[in-house]
1. Based on this model, can you work out whether THR97 counts as over 22 Å from GLU250 (Cα atoms) and either more than 13 Å from the ligand (Cβ to nearest atom) or at pLDDT 80 or above (or both)?
2. Residue by residue through region 112-134, note down the ones that are surrounded by 24 or more Cβ atoms within 10 Å (Cβ to Cβ) and touching a Pro at 6+ places or on another chain (Cβ under 6 Å).
3. When the residues of region 58-87 are filtered to those that are touching a strand residue (DSSP E or B) at 6+ places or on another chain (Cβ under 9 Å) and at pLDDT 95 or above, which remaining residue is farthest from ARG138 (Cα to Cα)?
4. Considering only residues of region 100-129 that are closer than 20 Å to ALA278 by Cβ and touching a strand residue (DSSP E or B) at 6+ places or on another chain (Cβ under 8 Å), which is nearest to the ligand (Cβ to nearest atom)?
5. May I ask you to list the residues in region 68-84 that are within 11 Å of the ligand (Cβ to nearest atom) and closer than 23 Å to LEU174 by Cβ?
6. Restricting to region 254-283, what's the tally of residues that are among the β-branched types (Val, Ile, Thr) and touching a helix residue (DSSP H, G or I) at 6+ places or on another chain (Cβ under 8 Å)?
7. Of everything in region 131-148, what is assigned to a helix (DSSP H, G or I), away from the ligand (no atom under 16 Å from the Cβ) and out of contact with any Asp or Glu (no Cβ under 9 Å at 6 or more places or on another chain)? Give them in sequence order.
8. Please pick out the residue among ALA242, ALA225, ALA214, ALA230 that is over 16 Å from the mean Cα position of the chain (by Cα) and in contact (Cβ under 8 Å) with a residue 60 or more places away in the chain.
Amino acid sequence: MRLSGLTCVIADTADSAVHVSNILSFGLLNVNKQLERAAKMIADAVHPVSFSGAGLSAESGIATFRDRGDEDALWSKFDPQKLASQEGFLADPEMVTAWYNWRRKTLSEVQPNSAHLALAKLHGWTHITQNVDDLLERSMDLSGVDVSPILHLHGTLLEDHCNANCGHTELIDLSCAPALRNCDCGSYMRPSVVWFGESLPAQVLQTALQKTEAADLMLVVGTSAQVYPAAGLIDIAVEKGAEVIVVNKEPSGVNGAHVLELIGPAGELLPQLMDRLACYMPE
Ligand code: OAD
């Protein structure tokens, strides 16, 4: 594994508490010790993967979906059946398209945060995400590293495709996405995001499964781990005995003998983790 742009710094910890899932064995330990422990686990990993969710982009100003206690979480304000299902789209395609265009506009106005920039330093990793934004790609671009392919399990806001799956796709300019329109085949164009009741993109899921099966470490960032089959990748990693580090604002419910949970904002914890990791890496 290579790292770029890192210097070995033992940073001051923020207010974040750190919690080990296997609390009976480890108890609540000092945040520094836990970051050290996580950094050592990462340094020792041969086939590491990251698995992220909406919490990764939260500090950029992108709303999460089901953040406990956050009234701005999308699914506490909007009805997913109306906005993220085939039935909802066919019932009101203009409204659904406008809602995704509002999310696209927001995405065009925000920047990668320090959590994205920290992940961008992990060269050679497989990055699997449930996020439909391009902030991780942008963070790699900003960091001047090769933009490694990111496995978007739930699709992307940067593309539309034909709702009848005739094969037609269009790239979308986030800042001025087109209103509802028809495909040449007569069906509607729709955002290339996965809606409830739909299958995940087969090739992406297959690659993510293969990489997870082969992984000896999974770094999980900012997900409620409630939406399957995506969250099943965490279960696979836990069940096969990979080291699993969870960075989340609240306890994620991911449990297992090899699970280390760091509770706090990813934008604070991941940079601190990278600082410590640099101490283990050759110049
Ligand atoms: P959720 O909104 O379900 O969960 C976000 C998680 O991130 C929560 O556990 C928060 O506590 C945590 N979080 C929030 N801010 C954070 C921060 N700054 N640092 C660290 N953690 C933070 O989002 P996902 O798990 O990604 O599906 O949701 C999965 C899927 O459900 C989404 O991909 C979406 C949605 O329906 C589609 O769009 C198809």
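The values are calculated or read from the model by the stated rules, or taken from the named source; none is laboratory data. Small disclaimer: the values here were computed from a predicted structure and weren't measured. Please note: Cβ atoms are built from the backbone with ideal geometry, for glycine as well, and neighbour counts cover all protein chains shown.
1. Yes: the conditions hold for THR97.
2. Matches in region 112-134: ALA118 only.
3. Checked region 58-87; the qualifying residue farthest from ARG138 (Cα to Cα) is GLN86.
4. The extreme case among them is ALA115.
5. ASP72, ALA73, LEU74, TRP75, PHE78, PRO80, LEU83, ALA84
6. Final tally of qualifying residues: 2.
7. Across region 131-148, the qualifying residues are GLU137, ARG138, ASP141, LEU142.
8. Residue meeting the stated conditions: ALA214.
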